[in-house]
Amino acid sequence: MPNKNYIYAVSILIGTAVGAGVFGLPYVVAKSGFVPALILLIILGAMMILIGLMYGEVTLRTSNKGRLAGYCGKYLGKNGKRAATLITLFALYANTLAYIIIGGIFLNALFSSYFGGSEFIYGLIMFAFISAGIYVKLKFVNIMEFLMVVFLLAIIFGICLKGIPFIDSNNLMSYNLSQFFLPFGVILFSLSALSAIPELEHIMKKKQEKIKSAIIIGGIATIIIYALFMAIVVGVSGSATTPETFSGLSQFMGNGIITLGLIFGVFAVATSYLMIGINLKEIFWYDYHLSKNKSWALACFIPVIIFILGLRDFIAVISFAGSIAGGFIGILIIIIFYKAKKAGDLEPAYEIEIPKIISVLMVFVFILGILYQFIYGW
């Protein structure tokens, strides 16, 4: 039987991935078609599992613990560290900005009829609560992560049971191949749990060889959750699918599903927002040796300032972040993976052998996604 820490590790991976991005998935999937999007989900899901395994091995091979920027500094030099820092900060800030936006939407839908307010105000409330939570010790975060994942899975199961009678198979069969790459950025954004991987070494201190299977199980579980959620939402609402998912569903399934889905949304967003915020804080704390308070302030306040200044388009933020930041981060991890195999200073608890042709193909796919976003994603 898996022990408590192993379950925490898997739950952190799932909880970090299943965040804001899941709510943007049905909208872009409805545009491209369910079957093409499912193919893209499986391809990108397999790639992200491999990238996660690569990153896990890099952390285990390196004695000086840190985050991606620190590892790139060790294996690629100062310029590598600068590039990784810029890309990582962009990705993590985009993530937290997306959580503030969608968290505000969900909280507003849940509470505005009782207390008034707006999506903007509730976005600030989400920011305030999670920023406070970033101070919480890791052990407490792990327990909360586990409980949230259990709750999220229960809610998804409930939505699926409720939605099955309303599925129209025609909604799942239609497709538009010219839009095949449209979901790329949102899917990549939704799949990434890379920020949680350095934490696995701390959680699994006595069973580090189990990190490999935790990454695989967490990745496969995330793909299954997304495929199921996409099928139910697109199968029910079809072309009426909305960017935040639930208002489109309400036309077919009634307002009861909205409340259930919004509760799911708040917990999913809070889970990922916490993990990403902790990772941001630790970049400044571990890699740049700033004080805890300065690290916390830099992690928390930059995205909320951008939110206040007016950048609040949820789909645009996650699509751009997924394609651009996700693509470049994937490429960087592939490069340092091969560097760490030669220059790493520790014997890892696990190691994987990936043919270079597979790595080249992954880099090619990442580049395609980046180019698509620059050309067609504005």
Can you work out which of the residues in the stretch 329-372 that are among the basic types (Lys, Arg) and over 22 Å from SER192 (Cβ atoms) is farthest from the chain's Cα centre (by Cα)?
LYS342
Given the condition under 19 Å from THR271 (Cα atoms), among the hydrophobic types (A, V, I, L, M, F, W, C) and touching a Ser or Thr at 6+ places or on another chain (Cβ under 9 Å), answer yes or no: does some residue in the stretch 152-174 qualify?
yes
Do the conditions hold for GLY103, that is, is it part of a helix (DSSP H, G or I) and buried (at least 19 other Cβ atoms within 10 Å of the Cβ)?
yes
For the stretch 1-31, which residues satisfy the criterion of being polar (S, T, N, Q) and surrounded by fewer than 24 Cβ atoms within 10 Å (Cβ to Cβ)?
ASN3, ASN5
Can you tell me how many residues within the stretch 116-135 are under 20 Å from THR271 (Cβ atoms) and touching a residue at least 12 places away in the same chain (Cβ under 8 Å)?
12
In the stretch 176-225, the residues that are among the hydroxyl-bearing types (Ser, Thr, Tyr) and touching a Ser or Thr at 6+ places or on another chain (Cβ under 7 Å):
SER195
Cβ pairs under 7 Å, 6+ apart or interchain, first in the stretch 258-286 and without any contact (Cβ under 8 Å) to a residue 24 or more places away in the chain, second in a helix (DSSP H, G or I) and surrounded by 24 or more Cβ atoms within 10 Å (Cβ to Cβ), ordered by first then second residue, are PHE284/ALA299
For residues in the stretch 183-218 being at pLDDT 90 or above and surrounded by fewer than 24 Cβ atoms within 10 Å (Cβ to Cβ), which is farthest from MET48 (Cα to Cα)?
LYS210
Please determine whether any residue of the stretch 136-156 is outside any helix (DSSP H, G or I) and at pLDDT below 90.
yes
If VAL365 satisfies all but one of (1) closer than 29 Å to SER178 by Cβ; (2) of a type in the set (Val, Ile, Thr); (3) assigned to a loop (DSSP other than H, G, I, E, B), what's the number of the condition it fails?
(3)
Report yes if SER291 is farther than 28 Å from LEU25 by Cβ and either among the hydroxyl-bearing types (Ser, Thr, Tyr) or surrounded by fewer than 21 Cβ atoms within 10 Å (Cβ to Cβ) (or both), otherwise no.
yes
Any pair with Cβ under 8 angstrom, 6 or more apart, that starts in the stretch 340-358 at a residue that is under 22 Å from GLY77 (Cα atoms) and ends at one that is in a loop (DSSP other than H, G, I, E, B) and small (Gly, Ala, Ser)
ASP345/SER63; LEU346/SER63
In the stretch 79-99, is there at least one residue being closer than 22 Å to PHE189 by Cβ and among the charged types (D, E, K, R)?
no
Go through the stretch 342-367 and give me each residue that's at pLDDT 95 or above and not β-branched (Val, Ile, Thr).
SER359, LEU361, MET362, PHE364, PHE366
Specify which of the listed residues (GLY77, GLY45) is more than 23 Å from LEU249 (Cβ to Cβ), part of a helix (DSSP H, G or I) and at pLDDT 95 or above.
GLY45
What pairs can you find where one residue is in the stretch 173-198 and under 14 Å from MET47 (Cα atoms), the other is aromatic (Phe, Trp, Tyr) and crowded, with 24+ Cβ neighbours inside 10 Å, and their Cβ atoms are less than 8 Å apart, with a gap of 6+ or different chains?
ILE187/TYR226; SER190/TYR226; LEU191/TYR226; LEU194/TYR55
Mind listing whichever residues of the stretch 368-378 are at pLDDT below 90 and either surrounded by 17 or more Cβ atoms within 10 Å (Cβ to Cβ) or in a loop (DSSP other than H, G, I, E, B) (or both)?
GLY377, TRP378
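The values are calculated or read from the model by the stated rules, or taken from the named source; none is laboratory data. Just so you know, these numbers come straight off a predicted model, no measurement behind them. Counting neighbours? That spans all protein chains shown, and the Cβs are built from the backbone with ideal geometry, glycine included.
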